[in-house]
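Presented below is the structure to which this report refers.
Read-outs throughout are calculated quantities, based only on the coordinates presented, and are distinct from any laboratory measurement. None of the values given here were measured: they were computed from a predicted structure. Methodologically, a virtual Cβ is constructed for each residue, glycine included, from the backbone with ideal geometry; neighbour enumeration extends over all protein chains shown.
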Amino acid sequence: MKRDLLTLWDLTADEIRRLLHRAHAVKRSWKEGNLEPTLARKTLGLLFTKPSTRTRVSFEAAMHRLGGCCTFLTSRDTQLSRKEPLSDTARVLSRYLDALVVRTYAQEDVETLARYAAIPVINGLTDLCHPCQVLSDLMTVEEARGSLENLHAAWIGDGNNVAHSWIAAAARLGFTLTLACPDGYLPQAAVLERARSEGQGTVRLGSDPKEAVAGADVINTDVWASMGQEAEAAERKRIFAPFQVNAALLETAPPHALVLHCLPAHRGEEITDDVLEGPRSVVFDQAENRLHLQAALLEWLITGA
Ligand code: CP
Ligand code: NVA
């Protein structure tokens, strides 16, 4: 039975731990020059309807490092632009490819592709969630902190797709996540409810960034207007102003707290330049780890090993 990664909920806690373990090993092997080409002759498709730097390039590089190759597709350049159904597209692509990464707006579209595809489908970001990002974030935290034991993470800002995957991660792995979001920009109620009913962790929701970072080991933020919300950018900038991750906020957090941002960042909005470039920031390790984590993920989903 093929496996997909459509949301973080698709993985058990054990599977997440195994994936993180393999991702660290992939990173070490690559640096030591002895990474095995476990995906030789395999082909990954990337079907994107939103822009991307990290997700596209890290998947392409991961596939290349493992001996496989990629084909990059956009909905504009495929017959999707002329209304070929997702269900037909999924079945046709399954005859050519070994796995498919999809970045789009509606979660439902990734689910439709996965339902009709005979190959693993990986969510490379939707409006609902960004599981590959948060798995790489967890790898980065583990690397910097040694483990995820007794982790207390804070999320400051928009209760968006990345926040949703952090909530699922906290629930699955049993750590504490405190969110501070403006009224009206909270995570979806269904996501919070699932974390409460199925999860092992503690997910707290508030609106005070200082309260959220007090006691936090990692402080996470993201853009105030996500892809597709460009028309709301000015209004969001006004509403989110008190939710900036800056030096004054860091002063109130424990001195060991790390700063995470999935990037791209809008310096001077959700995060200041000094914090992003400062000693507590691990944002470029985070970006690098997309590559190693996704190499481990592709290996697992394509070969089953
Ligand atoms: N963090 C992330 O997914 O970046 P891209 O939009 O550049 O892929
Ligand atoms: N929340 C952001 C993440 C970008 C990687 C967006 O969806 O645009």
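Quick look at the numbers
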{"read-out": "Kirkwood hydrodynamic radius over Cα pairs of the chain, then Stokes diffusion coefficient at 10 °C and 1.306 mPa s, in µm²/s", "value": "81"}
{"read-out": "Contour excess over end-to-end distance, with Cα ends at THR12 and ASP274 and 0.36 nm allotted per residue", "value": "90.6 nm"}
{"read-out": "Cross-link table LYS2/LYS31; LYS42/LYS83; LYS27/LYS50; LYS210/LYS237, entries beyond 26 Å C-alpha to C-alpha", "value": "LYS2/LYS31; LYS42/LYS83; LYS27/LYS50"}
{"read-out": "Ranking of MET63, MET1 by count of other Cβ atoms within 10 Å, fewest first", "value": "MET1, MET63"}
{"read-out": "Mean shadow area of the range 133-286 over all directions, Cα convex hull, nm²", "value": "8.1"}
{"read-out": "Calculated diffusion of the range 15-157, Stokes-Einstein form, Kirkwood radius summed over Cα pairs, 37 °C and 0.692 mPa s, µm²/s", "value": "198"}
{"read-out": "Farthest positive-ward along the chain dipole, Cα basis, beta-carbon charges - from VAL282, THR7, GLY159", "value": "THR7"}
{"read-out": "Rounded to 10°, Cα long-axis angle of helix 13-32 versus longest principal axis of the chain", "value": "80"}
{"read-out": "In degrees, nearest ten, helix 189-198 long axis to first principal axis of the chain (Cα)", "value": "80"}
{"read-out": "Per-residue [θ]222 nm for the chain (sum of -39500 (n - 2.57) over DSSP H runs n ≥ 4, rounded to 500)", "value": "-13000 deg cm²/dmol"}
{"read-out": "Translational D in µm²/s for the range 204-276 (Stokes-Einstein at 10 °C, 1.306 mPa s, Kirkwood Rh from C-alpha pairs)", "value": "124"}
{"read-out": "Between the range 145-177 and the range 228-259, the alpha-carbon center distance in angstrom", "value": "17"}
{"read-out": "Angle between the chain longest axis and helix 283-303 axis [Cα atoms, degrees, rounded to 10]", "value": "30"}
{"read-out": "Burial ordering of THR43, THR12, THR7, fewest other beta-carbon atoms within 10 Å first", "value": "THR12, THR43, THR7"}
{"read-out": "Footprinting exposure proxy for HIS64, HIS152 (fewest neighbouring C-beta atoms within 10 Å first)", "value": "HIS64, HIS152"}
